[in-house]
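Take a look at the structure below.
Just so it is clear, none of the values below were taken in a lab; they were calculated from the coordinates. Note that this is a predicted model, so its numbers are computed, not measured. FYI the Cβ positions are ideal-geometry reconstructions off the backbone, even for glycines, and counts take in every protein chain you see.
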Amino acid sequence: MCVGIPAQVVELHPTGEHTAIVDVEGAQREVNTIMVDDEPLAVGDWVLLHVGFAMSRIDAAEAAETLAFMRELGSVYDDEIEAFSSDLP
C-alpha cells in the first residue's frame, strides 16, 4: 500500500535547489520539494510525503491527526516507516 506520510522539514536545500531533509518518526532523508515551491518552506514546516516528493504543505494539527490515525493502522504504518528508514544511506 502506498500512503502519504506527514514529515517535518529539518533542513533546507542540502544538495541543491528544490530539496530538503525531512523527519518521519526519527528517520531523516532528503526529498524533492518542487511541488510545494509556491511558498518558501521553513524548518519546522510539515509536508505530506510520497515516494520521495513533498506533495503538499500541511499544518501541524493535520500532521498530528494524520500520524495518530496512521499509528492506529498498526502493521501498515509500521511497514511504511520501515521502508522509509530501510533504504537510507
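Stretched out fully, how many nm does the piece from VAL10 to GLN28 gain, at 0.36 nm a residue minus the Cα gap? Each step should come with its number before you reach the end.
Details: separation 18, 0.36 × 18 = 6.48 nm, distance 0.84 nm.
Gain on extension, VAL10 to GLN28, equals 5.6 nm.
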Computed on alpha carbon atoms, what radius of gyration and Dmax characterise region 9-73, expressed in Å?
11.5, 36
If I model a spin label at VAL43 and ALA68 as a point 7 Å from the Cα along the Cα→Cβ vector, what separation in nanometres do I get?
2.8
Given labels modelled 7 Å from the Cα in the Cβ direction, how far is it in nm from MET35 to SER75?
2.8
